[in-house]
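Colleague: Attaching a single structure in structure tokens format; questions to follow.
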Amino acid sequence: MTLFQCLLLHCLLLQYAISKEEEVSRPGLHRRRCRGTVGKWCENFEQQVPTTFKAPIRGTSDCPHGCNGVGNCNYDLGQCDCPAGWQGETCSELLKRPCTNALGGTRNKAIGHIDAAGRDLNPLDPGYTESRCIGICDSDVARCFCDGKYRMIPAPAGSPPGSPPLQRGRPLGNHLCQPSDDGKGNKLEWGQVPWESLYGHEGWCEAEQPKYKCPCMYEGFGGELCDEVTEMSCPSQCSGHGTCQHGFCKCDDGWYGTDCARKRAGLHMETGLETRYAWLKDLVNHPPAATVLPDRSAPQDSAPLQRKRPFIYVYDLPAKYNARMLQYRVDKGMCTWRTFQDRNETQLLTWTYSIEVLLHEMMLQSDHRTFDPQEADFFYMPLYTSCFIFPIHCWADGPWWHAPSGPRVMHVANMMLEARDWVKSHYPYWDRRGGRDHVWFMSHDEGACYAPTEIYQSSIFLTHWGRRDANHTSNTAFTPDNYTQEFVHELQPNGWLRLITGHPCFTPGKDLVIPSLKYAFQFSSSPLLGGGRPVNAANSKSERPAETGVEESGLNRQSHRDIFLFFRGDVGKYRLSHYSRGIRQRLYKLATEENWKERHKILIGDGRDVAGDYSELLSRSKYCLVLPGDGWSARAEDAVLHGCVPVVIMDDVNTVFEPELDWSSFSFRIRESSLEKVPQMLMSIPEPMFKRKQAALRAVWHRFAYTSHPLLKKSMDEVIKQNQLAGTAEYSQRSASSSSGMTRVLRNVGESYLEGGFDAALSQGVIVRLTHQAVSTLAELSGQSMNSGEVKGEEVSSMLHSKVIEEDLLFEDEQVDDEYDFERVNGWPNSATALENMNYLEEMDEVVVDNHMGRGSRKRGLKGNEGEQLDVQERSVVVLSSGAGNSKGRRLISRRGFPHEDDAFHTIIQWLNHKVTETTNLDSSL
């Protein structure tokens, strides 16, 4: 061995030892999962040592009078929780919410405009609220039904409390299916449907087969005539241990909690309804805290159930703060994120603020949930404040916090203080740390801007609105939500602004900006999910997306993103001038007056200006604008989930997971004062810089999607599978039409053509051509001899898999940056993974690897086995798939699928875990 070889070996061994030490302190899995994050919050979560579950705590305190048969007993507190229509210590006091034409009652007694049977006192009387009903009103929840033959018939007098009606009746949507006249020629200004269509002999309320049909707006009603009884939606569907009543879980005997997940101590824990009803299978997910641990008679080698911090205790707040909100909504498409349609088929809802219900449900089902508040690291406060803001507020006369009418956000602030005081009076845990370990979520437009100061300054807030300036005023263009307007009432004589002044809307480090809810089907065209149009597809207009006025130049991968800059949404045409800080209006005016579409391929406008499928347009866009609305808007999520580089224009506002994610690595920021220069600034960006932004975006995009609920996980996996099947069909069709069926010749790795991922490409039986360097390297890796020239793909795959683990050849979502990191598998440099790296860049037919990578510079070089430098043109596995290929880089999702363990919810959990240490350290200092 020569001196040079000895020195080289010594260096390699030293570097190998260093790399092994790095693997211990920061294993490759952790490094891969934490790409794009800032700080140690992600790594700290991954590297923590799990602890063993304790036996779940079960309450023993009974409630008086069985909560009147209508409520649930909280066996921890010995107190009743009452549904809509009931209140008091034993749920025996009536709590009415009658249909009405006016507002002005008190907190405990609402004004109604109905008689004892539920009929409007006089349809010609003036006044209107959304609850006004020319039919039969369910006075518990202000829900309107037909009068006449198909009216609602209540249970007979003397029936047990909570008895169902004798006849449910046909729904009359309070604001969609009210008569526009009284049947006597008198017009009702607030109605929508002629009297004859509802109460004529062929009307909805009178005929067996009516000519006019009202929508089945209420949960539990399905079928053409709303006579089909369907399931209703509740958190975790009452864990299979209760009956869902429009959002309130009426728990089976002995079960308790918001989701009926807990059983009174000493009682047998039976299996739930999800084992009997198929439609509950994807909705009921028992957290480990709710399971029975193995008893002492179990085998000694039984592995104990392990868990990681943080431990989160979810308060079972009184129903008036959450579940009752769902009962009061009169449209099943509002407030929540899912509902049931005919035949109990689940429908996902795109309600803007539905994340507050989903987040509560995911907390309830989480592995991090604990039933023992003593061991809890955090306490979650599940208030449905956005649901109250709309549609509950002012729909009928109540509920109020604390004065009738006034700004909607005032009621939210008062509600939060009341809920905090309830927690303090029933548990010692707020005072234990002064509320520092309590987590609140405010999902509405301006987030925590109007949170009570005494709560905000101590607690953790999750929000969508990351506005940082301390001296802020409301920027909403919707007056009822303006939090800088005072409101004085005899029930709140000192006003409410004093309660919310003196704090910012968002404090980095203390609070967290989280993504809004986007379903997989909302970004199914994204190349990140393998969606989109085929490369080199026919350019006939019949096969094109809706016309945008921007020509597509060939649709090869390098030019597929043919829209330079994109924004579609409300551009303030009919808004107050301060909407969106004026940003959307100014950009729209500039784009229109200066013809940005023709000059720069920039699309800015609303749906009338920019036609076409929204997801497809985003997938075709190079840059996407992230602009405010009344407060937050979901434009950051839209951009990232479609692989479009975000351009953020909103000063002093943090966006999703900022600064927890390195936004500077995958986005651009432009000051609000520079709107006129937007096209020039973006066009000046060098293409390599843009590519690096795209590559960095691919390391974090999955953190913007929620899949922690079984139904969301299933939905995501189905979209990916559908796109994969579509890609396979396109691949087969185009392969059959290929004239030669041969792949391109790779002269060096200055270009590569890995269409479907390494394994998929080689398993098709196609002919593959290899360079001499590739033959040598492949032979070395596989330990088998082979000839240069053409070989069958499956032979190459077989040879390589003899030494390299197949699963690790499928590259998941590694970040591609200036320094390319080859994964080592079984001690061999996994060059095939490196080529997948190239495929993981922009959705291209060909990926050009810069020639400087072969020059041997330390920064630009490739790490191989034991850290050695690899010359790209001498030491690379060079494999090509068929020239037909699939569409839009369908290997952006590997065979492992979507990384569900690092979705948006798990990102929140990982971040909270980092604050466990922070809270503990503060305890010590105090």
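Colleague: Within the stretch 142-170, can you find the residues that are touching a helix residue (DSSP H, G or I) at 6+ places or on another chain (Cβ under 8 Å) and aliphatic (A, V, I, L, M)?
Modeller: Start the filter on the stretch 142-170 by keeping residues that are touching a helix residue (DSSP H, G or I) at 6+ places or on another chain (Cβ under 8 Å), which leaves 142, 146-148, 160-162.
Result: 142, single match.
Colleague: A further question follows. Report yes if residue 465 is touching a residue at least 60 places away in the same chain (Cβ under 8 Å), over 29 Å from residue 78 (Cα atoms) and among the aromatic types (Phe, Trp, Tyr), otherwise no.
Modeller: Here the answer is yes, as residue 465 does meet what is asked.
Colleague: Ok, one more. Of everything in the stretch 141-158 that's open to solvent by 40 Å² or more (accessible area, probe 1.4 Å) and part of a loop (DSSP other than H, G, I, E, B), which residue is nearest to residue 225 (Cα to Cα)?
Modeller: So the residue we want is 150.
Colleague: Hey, another quick one. Can you spot a residue in the stretch 179-190 that is under 12 Å from residue 150 (Cβ atoms), open to solvent by 40 Å² or more (accessible area, probe 1.4 Å) and part of a loop (DSSP other than H, G, I, E, B)? Step through it out loud before you land on a result.
Modeller: At the first step, the residues of the stretch 179-190 found to be under 12 Å from residue 150 (Cβ atoms) are none.
No: the stretch 179-190 contains no residue that is under 12 Å from residue 150 (Cβ atoms), open to solvent by 40 Å² or more (accessible area, probe 1.4 Å) and part of a loop (DSSP other than H, G, I, E, B).
Colleague: Within the stretch 110-125, is even one residue in a loop (DSSP other than H, G, I, E, B), among the small types (Gly, Ala, Ser) and under 38 Å from the mean Cα position of the chain (by Cα)?
Modeller: Looking only at the stretch 110-125, we keep the residues that are in a loop (DSSP other than H, G, I, E, B), and these are 110-113, 115-119, 121-125.
When the remaining residues are screened for being among the small types (Gly, Ala, Ser), the result is 110, 112, 116-118.
Still in the running and under 38 Å from the mean Cα position of the chain (by Cα): 110.
Within the stretch 110-125, one or more residues are in a loop (DSSP other than H, G, I, E, B), among the small types (Gly, Ala, Ser) and under 38 Å from the mean Cα position of the chain (by Cα).
Colleague: Something else now. With 172, 103, 188, 124 as the choices, which residue is closer than 18 Å to residue 217 by Cβ and either assigned by the TED database to the domain that holds residue 213 or at pLDDT 95 or above (or both)? Even if it seems obvious, please write down each step before you answer.
Modeller: Working: 103 fails: closer than 18 Å to residue 217 by Cβ; 188 fails: closer than 18 Å to residue 217 by Cβ; 124 fails: closer than 18 Å to residue 217 by Cβ.
None of the other options fit; the residue is 172.
Colleague: Six or more apart or on different chains, Cβ under 8 Å: which pairs go from a residue in the stretch 355-371 that's aromatic (Phe, Trp, Tyr) to one that's part of a loop (DSSP other than H, G, I, E, B)? Could you list them?
Modeller: 371/56; 371/57; 371/58
Colleague: Condition first: of a type in the set (Lys, Arg), without any contact (Cβ under 8 Å) to a residue 40 or more places away in the chain and open to solvent by less than 30 Å² (accessible area, probe 1.4 Å). Now tell me which residues in the stretch 665-695 satisfy that. Quick ask: steps written out before the conclusion?
Modeller: First, pick out the residues of the stretch 665-695 that are of a type in the set (Lys, Arg): 669, 671, 677, 691-693.
Keeping just the survivors that are without any contact (Cβ under 8 Å) to a residue 40 or more places away in the chain gives 669, 671, 677.
Hits for the stretch 665-695: nothing passes.
Colleague: Right, something else. Examine the stretch 600-622 for a residue that is at pLDDT 95 or above, surrounded by 22 or more Cβ atoms within 10 Å (Cβ to Cβ) and aromatic (Phe, Trp, Tyr), and state whether such a residue exists.
Modeller: No: the stretch 600-622 contains no residue that is at pLDDT 95 or above, surrounded by 22 or more Cβ atoms within 10 Å (Cβ to Cβ) and aromatic (Phe, Trp, Tyr).
Colleague: Answer with yes or no whether residue 357 is crowded, with 20+ Cβ neighbours inside 10 Å, β-branched (Val, Ile, Thr) and closer than 28 Å to residue 290 by Cα. So that I can check it myself, show each step before the final result.
Modeller: On the way: crowded, with 20+ Cβ neighbours inside 10 Å: yes; β-branched (Val, Ile, Thr): yes; closer than 28 Å to residue 290 by Cα: yes.
In short, yes.
Colleague: Applying the selection to the stretch 591-623, what residues are closer than 15 Å to residue 570 by Cα and in contact with a strand residue (DSSP E or B) (Cβ under 6 Å, 6 or more places away or on another chain)?
Modeller: Those that are closer than 15 Å to residue 570 by Cα and in contact with a strand residue (DSSP E or B) (Cβ under 6 Å, 6 or more places away or on another chain): 591, 603, 604, 610.
Colleague: On to the next question. Looking at the stretch 218-253, which of its residues are open to solvent by 20 Å² or more (accessible area, probe 1.4 Å), in contact with a strand residue (DSSP E or B) (Cβ under 6 Å, 6 or more places away or on another chain) and in a loop (DSSP other than H, G, I, E, B)?
Modeller: Correct list: 231, 232, 252.
This table checks each residue for (1) in contact with a His (Cβ under 6 Å, 6 or more places away or on another chain); (2) at pLDDT 95 or above; (3) small (Gly, Ala, Ser).
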{"residue": "456", "(1), (2), (3)": "yes, yes, no"}
{"residue": "467", "(1), (2), (3)": "no, yes, no"}
{"residue": "470", "(1), (2), (3)": "no, no, yes"}
{"residue": "483", "(1), (2), (3)": "no, yes, no"}
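Colleague: Within the stretch 44-52, is there a residue that is among the acidic types (Asp, Glu) and not assigned by the TED database to the domain that holds residue 133? Break it down stepwise before answering.
Modeller: Here is the first cut: in the stretch 44-52, the residues among the acidic types (Asp, Glu) are 46.
In the following step, the residues that additionally are not assigned by the TED database to the domain that holds residue 133 were identified as 46.
Scanning the stretch 44-52 turns up at least one residue that is among the acidic types (Asp, Glu) and not assigned by the TED database to the domain that holds residue 133.
Colleague: Restricting attention to the stretch 288-309, and to residues there that are at pLDDT below 90 and open to solvent by less than 70 Å² (accessible area, probe 1.4 Å), which single residue is farthest from the chain's Cα centre (by Cα)? Spell out the reasoning first.
Modeller: So in the stretch 288-309, the residues at pLDDT below 90 come out as 288-307.
Next cut, open to solvent by less than 70 Å² (accessible area, probe 1.4 Å) only: 288-291, 293, 298, 302, 307.
Numbers: 288: 23, 289: 24, 290: 25, 291: 27, 293: 32, 298: 40, 302: 36, 307: 24 Å.
That would be 298.
Colleague: Within the stretch 417-426, identify whether any single residue is at pLDDT 95 or above and over 22 Å from residue 312 (Cβ atoms), and answer yes or no. Don't jump to the end; show me each part of the working.
Modeller: Narrowing the stretch 417-426 to residues at pLDDT 95 or above: 417-426.
With the extra rule that they be over 22 Å from residue 312 (Cβ atoms), the set shrinks to 417-418.
Yes, some residue in the stretch 417-426 is at pLDDT 95 or above and over 22 Å from residue 312 (Cβ atoms).
Colleague: Shifting gears a bit: Pick out the one residue from 662, 652 that is touching a residue at least 60 places away in the same chain (Cβ under 8 Å), on the phi > 0 side of the Ramachandran plot, in the same structural domain as residue 628 (by the TED database) and touching a strand residue (DSSP E or B) at 6+ places or on another chain (Cβ under 8 Å). Spell out how you get there, then give the answer.
Modeller: Details: 662 fails: on the phi > 0 side of the Ramachandran plot.
Answer to the check: 652.
Colleague: Working carefully through the options 371, 388, find the one that is under 27 Å from the mean Cα position of the chain (by Cα) and open to solvent by 10 Å² or more (accessible area, probe 1.4 Å).
Modeller: Working: 388 fails: open to solvent by 10 Å² or more (accessible area, probe 1.4 Å).
Answer to the check: 371.
Colleague: Pick out the one residue from 640, 656, 700, 645 that is open to solvent by less than 20 Å² (accessible area, probe 1.4 Å) and more than 26 Å from residue 337 (Cβ to Cβ).
Modeller: 645
Colleague: Suppose the filter is closer than 20 Å to residue 141 by Cα, surrounded by fewer than 23 Cβ atoms within 10 Å (Cβ to Cβ) and out of contact with any helix residue (DSSP H, G or I) (no Cβ under 8 Å at 6 or more places or on another chain); does residue 425 pass it? Break it down stepwise before answering.
Modeller: Details: closer than 20 Å to residue 141 by Cα: no; surrounded by fewer than 23 Cβ atoms within 10 Å (Cβ to Cβ): yes; out of contact with any helix residue (DSSP H, G or I) (no Cβ under 8 Å at 6 or more places or on another chain): yes.
For residue 425, the condition - closer than 20 Å to residue 141 by Cα, surrounded by fewer than 23 Cβ atoms within 10 Å (Cβ to Cβ) and out of contact with any helix residue (DSSP H, G or I) (no Cβ under 8 Å at 6 or more places or on another chain) - is not met.
Colleague: Hey, another quick one. Can you tell me which condition residue 89 does not meet? The list is (1) open to solvent by 60 Å² or more (accessible area, probe 1.4 Å); (2) in contact (Cβ under 8 Å) with a residue 60 or more places away in the chain; (3) within 38 Å of the chain's Cα centre (by Cα), and all the others hold.
Modeller: Evaluating residue 89 over (1) open to solvent by 60 Å² or more (accessible area, probe 1.4 Å); (2) in contact (Cβ under 8 Å) with a residue 60 or more places away in the chain; (3) within 38 Å of the chain's Cα centre (by Cα) leaves (2) as the failure.
Colleague: I'd like to know if the stretch 431-447 contains one or more residues that are without any contact (Cβ under 8 Å) to a residue 60 or more places away in the chain, over 24 Å from residue 915 (Cβ atoms) and open to solvent by less than 20 Å² (accessible area, probe 1.4 Å). Walk me through how you get there before you give the answer.
Modeller: Step one: of the stretch 431-447, the residues without any contact (Cβ under 8 Å) to a residue 60 or more places away in the chain are 431-432, 434-435, 440, 442.
Pick out the ones that are also over 24 Å from residue 915 (Cβ atoms) and you get none.
Checking the stretch 431-447: not a single residue is without any contact (Cβ under 8 Å) to a residue 60 or more places away in the chain, over 24 Å from residue 915 (Cβ atoms) and open to solvent by less than 20 Å² (accessible area, probe 1.4 Å).
Colleague: Quick one: would you say residue 404 is touching a residue at least 12 places away in the same chain (Cβ under 8 Å), touching an Asp or Glu at 6+ places or on another chain (Cβ under 8 Å) and either closer than 30 Å to residue 44 by Cα or in a helix (DSSP H, G or I) (or both)? Outline the logic, then answer.
Modeller: Details: touching a residue at least 12 places away in the same chain (Cβ under 8 Å): yes; touching an Asp or Glu at 6+ places or on another chain (Cβ under 8 Å): yes; either closer than 30 Å to residue 44 by Cα or in a helix (DSSP H, G or I) (or both): no.
For residue 404, the condition - touching a residue at least 12 places away in the same chain (Cβ under 8 Å), touching an Asp or Glu at 6+ places or on another chain (Cβ under 8 Å) and either closer than 30 Å to residue 44 by Cα or in a helix (DSSP H, G or I) (or both) - is not met.
Colleague: Let me ask something additional. Among the residues of the stretch 140-158, write down those that are over 35 Å from the mean Cα position of the chain (by Cα) and in contact (Cβ under 8 Å) with a residue 40 or more places away in the chain.
Modeller: Scanning the stretch 140-158 gives 146, 147, 148, 149, 150, 151.
Colleague: Continuing with this model, one more query. Can you name every residue in the stretch 256-285 that is surrounded by 17 or more Cβ atoms within 10 Å (Cβ to Cβ) and part of a loop (DSSP other than H, G, I, E, B)?
Modeller: Result: 257, 258, 259, 260, 261, 264, 272, 282, 283, 284, 285.
The values are calculated or read from the model by the stated rules, or taken from the named source; none is laboratory data. In this text the structure is predicted, and so the values were computed from the model without any measurement. Virtual Cβ from ideal backbone geometry, glycine too; neighbours counted across all protein chains shown. Note: accessible area is taken over every heavy atom of the protein model, side chains too, but ligands, DNA and RNA are not part of it. Shrake-Rupley method; radii C 1.70, N 1.55, O 1.52, S 1.80 Å.
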